[in-house]
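Peer 1: Provided herewith is a single structure, encoded as structure tokens, for subsequent inquiry.
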Amino acid sequence: MVEEKKENPMMQIVLDKVTLNIGIGASEDRYENASAILQRLTNHKPTMAKAKARKPEFGIKKDQVIGAYVTLRKKDAEEMLKEAFDAVDNKIKRSAIAGNSINFGVNEYIYFSGIKYDPKIGMLGLNINATFTRKGKRVEERRRKRGKMSNRHKTIKPEELEKYISQKYGVKIIEEEQA
């Protein structure tokens with residue numbers, strides 16, 4: 001009798017967090033518009049992204065507001081990721097997958113369903129970064145009785161991540177020429 005090889009339940013891939021980011025550059029007056037869009041999309045209060053260093057070639061000073069971002073976890077992250085994939089027609093480039101994350105952009109916020117164009121805000125695009133992990137990550141991050149995770153358990157191969165998002169979210173991975 002041949003036994004089937006069971007999959008280890010701890011090796012399952014799970015969504016850790018989704019971060020939405022709008023960069024505004026050196027013009028701080030656009031921060032209000034960017035934060036309004038993120039508030040409308042996520043129903044969470046956005047955080048200011050400040051410059052860590054001075055970049056005179058771009059007209060950026062240290063601690064100047066250069067963007068707005070929101071980090072979502074658990075159920076909110078799952079729902080936002082589904083909406084974000086819908087906004088890009090469930091297609092992402094293979095180069096968008098790096099490490100344990102997927103990073104892609106939405107050209108204009110009106111691509112999200114249920115969001116209408118606001119002339120006061122204008123057109124702004126945003127960047128979406130979804131970070132994935134495996135079950136058991138908390139063991140390495142907790143304060144008491146901290147343990148170690150092996151590199152094999154920590155690292156998610158791009159092929160595994162491609163398979164996971166295509167099965168769970170129905171996303172098609174496309175090559176660079178097709179984009």
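Peer 1: Any residue at all in region 128-149 that is part of a helix (DSSP H, G or I), crowded, with 18+ Cβ neighbours inside 10 Å and either under 15 Å from the mean Cα position of the chain (by Cα) or not aromatic (Phe, Trp, Tyr) (or both)?
Peer 2: No, every residue in region 128-149 fails to be part of a helix (DSSP H, G or I), crowded, with 18+ Cβ neighbours inside 10 Å and either under 15 Å from the mean Cα position of the chain (by Cα) or not aromatic (Phe, Trp, Tyr) (or both).
Peer 1: Hey, another quick one. Could you check region 94-115 and list, in sequence order, the residues that are surrounded by fewer than 15 Cβ atoms within 10 Å (Cβ to Cβ) and either under 11 Å from Val18 (Cα atoms) or among the basic types (Lys, Arg) (or both)?
Peer 2: Arg94
Peer 1: Looking at Glu79, is it open to solvent by less than 80 Å² (accessible area, probe 1.4 Å), under 21 Å from the mean Cα position of the chain (by Cα) and at pLDDT 85 or above?
Peer 2: When the stated conditions are applied, Glu79 does not pass them.
Peer 1: Moving on. Mind listing whichever residues of region 33-57 are small (Gly, Ala, Ser) and exposed (fewer than 12 other Cβ atoms within 10 Å of the Cβ)?
Peer 2: Ala53
Peer 1: Considering (1) under 29 Å from Glu160 (Cβ atoms); (2) outside any strand (DSSP E or B); (3) at pLDDT 75 or above, say which one Met123 fails and leave the rest.
Peer 2: It is condition (1) that Met123 fails.
Peer 1: I'm trying to understand the selection: among the residues of region 150-160, which are assigned to a loop (DSSP other than H, G, I, E, B) and under 21 Å from the mean Cα position of the chain (by Cα)?
Peer 2: Once the filter is applied, which keeps residues that are assigned to a loop (DSSP other than H, G, I, E, B) and under 21 Å from the mean Cα position of the chain (by Cα), region 150-160 yields Thr155, Ile156, Lys157.
Peer 1: While we're looking at this one, here's another question. Test Arg152 against the stated conditions and say whether it is in contact with a strand residue (DSSP E or B) (Cβ under 7 Å, 6 or more places away or on another chain) and charged (D, E, K, R).
Peer 2: Criteria not met by Arg152.
The values are calculated or read from the model by the stated rules, or taken from the named source; none is laboratory data. Predicted model only: the values in this text are computed from it and were never measured. Every residue, glycine among them, receives a Cβ derived from its backbone with ideal geometry; neighbour counts consider all protein chains shown. Each accessible area value is taken on the protein alone, full model and side chains, heavy atoms only, with ligands, DNA and RNA left out. Shrake-Rupley method; radii C 1.70, N 1.55, O 1.52, S 1.80 Å.
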